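Right, one structure below, let's go through it.
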Amino acid sequence: ELREKLKAREVSAREAAEAYLARIAEVEPRVHAYIAVLEEEARRGAEEADARMARGEDAPLLGVPLAIKDLLCMRGVATTCGSRILENFRAPYDATAVARLREAGAVFLGKANMDEFAMGSSTERSAFGPTHNPWDLATIPGGSSGGSAAAVAAEECAGALGSDTGGSIRQPAALCNVVGLKPTYGRVSRYGLVAFASSLDQIGPMTKDVYDCALLMNVIGGHDPRDSTSADIPLPDFTGHLEGGVRGLRLGVPKEYFIEGMDPEAEGGVRGAIGKLAELGAEAEEVSLPHSEYALAAYYVLAPSEASSNLARYDGARYGLRARGRPSAAEGPLVTMYKGSREAGFGEEVKRRIMLGTYALSSGYYDAYYLKALKVRTLVLRDFQRAFERVDLIVTPTSPTPAFRLGERLEDPLSMYLSDIFTIPCNLAGIPGLSVPCGFTRAGLPTGLQLLGRPFDEETLLRAAYAYEGATGHSRRRPPL
Amino acid sequence: MRRGAMEYEAVIGLEVHAQLKTKSKVFCGCSTQFGAPPNTQVCPVCLGLPGVLPVLNRRAVEYTLRLALALGCEVAPFCRFARKNYFYPDLPKGYQISQYELPLAQGGSLEVVTDGARKRVSFHRIHMEEDAGKLIHGEHLDDPASSYVDLNRTGVPLLEIVTAPDLRSAAEASDFLQQLRTLLQYLDICDANMEEGSLRCDANVSIRPAGSRELGTKVEVKNMNSFRFVRRALDYEVERQRRVLEAGGTLVQETRLWDSDRGVTLPMRTKEYAHDYRYFPEPDLVPLVVDREWQERIRAELPELPLAKHDRFVSSYGLPDYDAGVLTASRALADYFEETVRLGPDRRRGAAPKAASNWVMGEVLRLLNERKLEPPECPVTPAHLAGMLKLVDEGVISGKIAKAVFEEMADSGQMPEEVVRAKGLTQVTDVAAIESAVERVLAENADQVAAYRAGKDKLFGFFMGQTMKVTGGKANPAAVQEILRKKLAG
C-alpha cells in the first residue's frame, strides 16, 4: 500500500486507477470479484486525488484504489448487498467507514461481490453469480466477503473493505491468501453497514499485507457519534508499533480447536506457524476454551434472530424491489405486496435464516432459544477472558478446510455453516480476530492462521502477524491467473 | 350501575400515549414540528434506510424522567430498549424501538379530583418509544385506490403510560385523563392535545359483580380521540357489557373501535392475528443508565404540581375550590393570577385575591379565548390588572367602570391609570355631586317617584340606572344607593 502511495508520486493516481481497471478487465471474466465496477467513480476519484496532491495535500490513502464490499452504503451508486431485493437501491449517504476512506483520498474501483446480506461462507449465495477463487477458479473464495478477498488476491485493487459477522472477513482471507482483520466490536463504526446481525457485525480491512491492514484501520477506525455501539476510546496509530516483534509474547493454543477429522494440511499449516512464532521468540502453551463446541449453535440462533428483524424493512414499500405477488382475497393487497416482494427478492439462504430467526424469537420459544443462546454467548466470552489471563494471543486455524469446490456444499447448509466453526466464537465474544496467510496445501490452495486478541488489542494481533509475515513470505506469492 | 338483580362495577385501565415536545426526534436529529409537508422531516435514520443506526436523544429521557419523578415512580437505574416487530407501511424499519422487559419507570400514582372527591390512580409503568408515520388513504389525493405514507411522524418520541385498572367509571377515566393532561402541560413535556394527536388514549374495560375481587373479560377500546369521546365510548362499552351479561351471554376478549357517528363500539373488522411482536433487546442501543445525580437535578427543577398548587391557592389565598380549579388548570394562568395578586392591593387573604380570581376567571379568560392567546401573550398583563384592581379597591373607579377600563387596556395596552385619566373615568364620590344628580333624576321622574312611594319598590333599580346615566356611569354605586334611599324616603 505504501508502495502504491509512494509510486503515486512517480505514478499519478489516474495512472494507478487505470492500471487497476485494466487488470480488472483482464481477469474479471474469470474471477467475478465485483458486482459493479465503477469506472466513472474511479476516474473521478483519481482525478480529484491528483488535484489534491498537486495542491500539496497529503492524506493517508491519497490515490489508493480500493474495493468496497457491496454491503456498505456508498452515496450515489447501487448498494445491492448481493441481493435482488436491493438491486436498484442507491444510498443517499456514505457509510462512515466509506466517508473516512474518501476523506483520506481513497479511490473506489467498485463494489465487491458477496453472499446475499452477508449470509454465507462461499459467496455462492450472491444473486449476481459467484466469485471464483483466483488460486483455483473451480473453487470458492470463501464468504461472505469473497469478492473483496478475491479482488485483493487477484490484484484487482490495492486493498478492500469487508465485513465479518461469523468469520466473513477472516475465512475468505484465509482461502485467498490475503490478510483480513475483524476489529473488536465497537472499534469501527457500523453506520452505513447494512445490518445482518447487529451485535456481531464489524467492518474490517482485507489487504495484501499486514502494514496495509494497519493503515486502513487508522483511517476507518474510531468513535462515531452516529453509532451508539462504537466505543468512545482513543484510536491508536496501528502502523506505529508493527515492528515490535513477538519476543516474550504468550500464545494460547486452544485444544478444542484441533478437532478430529480436521483437514491435516490446514492443521499442519497452523502447527508450523506456531512453531515459527516460537522460533521468533513467542511462548506457546495449551489453553482451554471449553464452551467452543456450543458457539456455532448459539451463533445460528442469535444471528438469524437479529437478521429476521433487520431484514424486515425490505418489503417493497419504500425502495428496492416491489413485486406483484399472487393476489389473494384473504390477504389483501398490502400483504400480497410484502409476500411477493420478499419471495422474489430474497434468495434461499436468506429466507432460511429469516425463518429460523423468526422462530427463535417467537412467543413460547424465545426463552428456549434466543435467551439461552445469549447465555451461551456469555460463557464463550468468559472462556476467552480466562484464557487471556494467561496468554496474550490465541492462535488457531482460520478455516477447517482450504477452499472447496463451487457447488460442493450448496445442498447441505449445515456443512456450509461448519466453515465458520473457528471464526464464530470471536464474534460472539466481540474480541478482535485476524487471519494471515500461513502456507499452501499440496494442491496449491492457501491456508490461514487466525490470531485472536484481547478487546481493543488489535495492535498485538498486527504486531504478531507482521513478524510472522516477515519471516515467511506467503503473502508475496501470486495466484496463477 | 344499578338496575336488575346484579350490581356490576366497571373496571377500567388506560393506556395513554403522549408525544414529547422535544425539538428533535428520539433517535435522530429531524424536527418534530407538526404540520410540515409530507416526508420533508425525514432522514436516512428515521426512514429506516439500509445501514442506519439510532442514537438516543437525551432530552427525551429528561422529559420522561420529569414525569416519572412527578408521579413518584421507581426509576430504573438501568433500562433497555427493545424491538417490537411487525409489518405495516407506517413502520419503516418493520419494527418499533420501544421498551419491554426493563422500562424506564414503574409504579407511581396520580391523585385526581373526580366527582367532588380525591382518588389516587396507580400506574403500572412508563416507557419510551418512537412514533410511527401516518397513513393517508387516497380519496383526496392522486389515486383513490392507493394509500399514501407520510413518515414525518416516524421517530417522534412517545411515552407510553399504563395505568392500573383503578378507574371505576367513564367519568373518572375522563377526569383522570384531563388531569394527566394538565400535569403533562405543567411539566412542559407534552402539548397533550387529543385532537392533534399529541395525546392518545386506549382503554381496557371489564365489569364484575360489585364486591368481587376477580377481573372480568377485558375488552380493549380504541379510536377515542377527544375527552368527550373517551367518556361516551366508555359509558357505552360498560353498558354494553352489562347488557350482555344480564342477558346471560358471555363477553369476548376483543378489540373494539369507537364509532363516533353511530355512538357505539364495534369489533375491529380486520381479522385479528394474535400479534406476536417477538420482542428482543435492541442491539443498536446500549442500555440506558440513569444515575442518582441526574434524577436529583431533574427533581429539583420540577415545578409545583397542579393539585398541590390548587390546594395552596385554597389555603394561602382563601379561594374557593372552584376558583382554584379553574386557575390551576393551566400553569400559565395560575402564574398570571399569582403575579396579579403579588402586584395588587396588599391583602393576602380576603378581597384582593378573590377579586383577582374573579377577573382572571372572567374577563381575562374571555379575552384569551376570543383572541386565541396564551396568558403570557395577554395584552392585559398582571401589572395592568393589578393596577386596575388597586384603583377599584381605592374607590377611584367602580367595578362597572373597571370593565370599560379593561377593554381599553386590552385594545391599547395602556396602563389603567392612564386610561382612567385619559377618559375621565374617575369615580364620582363627591356627595354633593351625587346628591344633585339624584335630585335631578327624581325631579324629572315625578310620576315614578310617586309610584315608588306608593309601594312599587322595584322602581328603585330604575332610579339607580337613571342616576348612573346622568353621572356617565361614574358615580360610586354604594353612595348613590344611600343618597337615593334617603331622598326617596322623603
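The values are calculated or read from the model by the stated rules, or taken from the named source; none is laboratory data. What you are looking at is a predicted structure, and each value in this text was computed from that prediction instead of being measured. All Cβ positions, glycine included, derive from the backbone under ideal geometry; neighbour counts span all protein chains shown. Surface areas here come from the heavy atoms of the whole protein model, side chains and all, with no ligands, DNA or RNA. Shrake-Rupley method; radii C 1.70, N 1.55, O 1.52, S 1.80 Å.
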Rg/Rh for the range B:6-62, where both radii come from Cα atoms and Rh is the Kirkwood radius: 1.26
Peptides ranked, highest mean first, by Cβ atoms within 10 Å: ranges B:98-108, B:214-224: B:98-108, B:214-224
Longest to shortest principal axis, alpha-carbon extents of the range A:39-101, angstrom: 44, 21, 18
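How many Å³ per residue does the convex hull of the Cα positions in the range A:354-395 occupy?
It comes to 70 Å³ per residue, whole-number rounded.
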Carbon + sulfur, % of accessible area of the range A:398-481 - ligands and nucleic acids excluded, 1.4 Å: 52 percent
Backbone HN-Hα couplings from phi across the range B:98-114 [Karplus 6.51/-1.76/1.60, Hz, Gly and Pro as x]: 9, 10, 10, 6, 10, x, 5, 9, 9, x, x, 7, 9, 7, 10, 9, 8
The range B:369-490: translational diffusion in µm²/s, Stokes-Einstein, Kirkwood Rh over Cα pairs, 37 °C, 0.692 mPa s: 206 µm²/s
Span from the the range A:129-185 Cα centroid across to the the range A:44-100 one, whole angstrom: 19 Å
The range B:285-353: Rg to Rh, with Rh as the Kirkwood radius over Cα pairs: 1.21
Computed Kirkwood radius, in angstrom, where 1/r is averaged over Cα pairs of the range B:37-83: 13.5 Å
Two-decimal log10 I(q)/I(0) for the protein assembly as shown, as the Debye equation yields it once each C-alpha is a single scatterer, q = 0.05, 0.08 Å⁻¹: -0.45, -0.87
For peptides B:120-130, B:459-469, A:112-122, sequence by mean Cβ density within 10 Å, most packed first: A:112-122, B:120-130, B:459-469
Rounded percent of accessible protein surface that carbon and sulfur make up, the range A:295-358, 1.4 Å probe: 61 percent
Overall dimensions of the range B:306-395 as given by Cα atoms, namely Rg and Dmax in Å: 12.0, 35
The range A:271-337, Cα convex hull volume normalised per residue, Å³: 198 Å³
Whichever lysines have a C-alpha closer than 16 Å to that of B:Lys456, once near sequence neighbours (fewer than 8 apart) are set aside: B:Lys487
Accessible-area value, A:Lys208, 1.4 Å probe, nucleic acids and ligands omitted, Å²: 30 Å²
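Calculate, for the range A:303-430, the solvent-accessible area per residue in square angstrom, rolling a 1.4 angstrom probe over the heavy atoms of the protein chains.
Counting only protein heavy atoms, the per-residue value for the range A:303-430 is 44 Å².
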Projected area averaged over orientations for the range B:95-156, convex hull of C-alpha atoms, nm²: 7.7 nm²
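What fraction of the Cα pairs in the range B:250-374, stated in percent, has a spacing above 26 angstrom?
57 percent
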Trypsin sites (Lys or Arg not before Pro) within the range A:404-481: DSSP coil, no more than 12 neighbouring Cβ in 10 Å: A:Arg442
Above-threshold pairs, the threshold being 32 Å between Cα atoms, out of A:Lys208/A:Lys276; A:Lys351/A:Lys372; B:Lys119/B:Lys400; A:Lys339/B:Lys134: B:Lys119/B:Lys400
Value of Rg/Rh across chain B [Cα atoms, Kirkwood radius]: 1.11
In Å, descending, principal axis extents of the Cα set of the range A:368-432: 42, 33, 13
Translational D in µm²/s for the range B:406-470 (Stokes-Einstein at 37 °C, 0.692 mPa s, Kirkwood Rh from C-alpha pairs): 234 µm²/s
Rg/Rg_globular for the range A:101-212, with Rg_globular taken as 2.2 N^0.38 Å and Rg from C-alpha atoms: 0.97
Interface residues in the range B:72-98 - accessible area drops by 50 Å² or more relative to the isolated chain, probe 1.4 Å: B:Phe87, B:Pro89
Where the range B:211-337 is the region considered: accessible area per residue in Å², 1.4 Å probe: 57 Å²
Share of Cα-Cα pairs in the range A:64-162 lying beyond 22 Å, as whole percent: 24 percent
Per-residue average of Cβ from other chains inside 10 Å of A:316-323: 3
Nearest-20 debye value, chain B charge dipole, Cβ charges on Lys, Arg, Asp, Glu: 960 debye
P(r) of chain A over all Cα-Cα pairs, binned every 10 Å from zero, in whole percent: 5, 22, 33, 26, 11, 3, 0, 0
With eigenvalues of the C-alpha gyration tensor scaled by 5 and rooted, the range B:169-225, Å: 28, 13, 8
Area hidden from solvent between B and A (accessible, protein heavy atoms only, 1.4 Å, total, Å²): 2700 Å²
Degrees, to the nearest 10: B:431-444 long Cα axis against longest axis of chain B: 80 degrees
Bins of 10 Å, starting at 0 and running to the largest distance - Cα pair percent for the range A:1-117: 15, 44, 32, 8, 0
Viscosity 1.002 mPa s, temperature 20 °C, Stokes-Einstein D of the range B:111-203 from Kirkwood C-alpha radius, µm²/s: 138 µm²/s
Acute angle (nearest 10 degrees) that the helix B:399-412 long axis makes with the longest principal axis of chain B, alpha-carbon atoms: 60 degrees
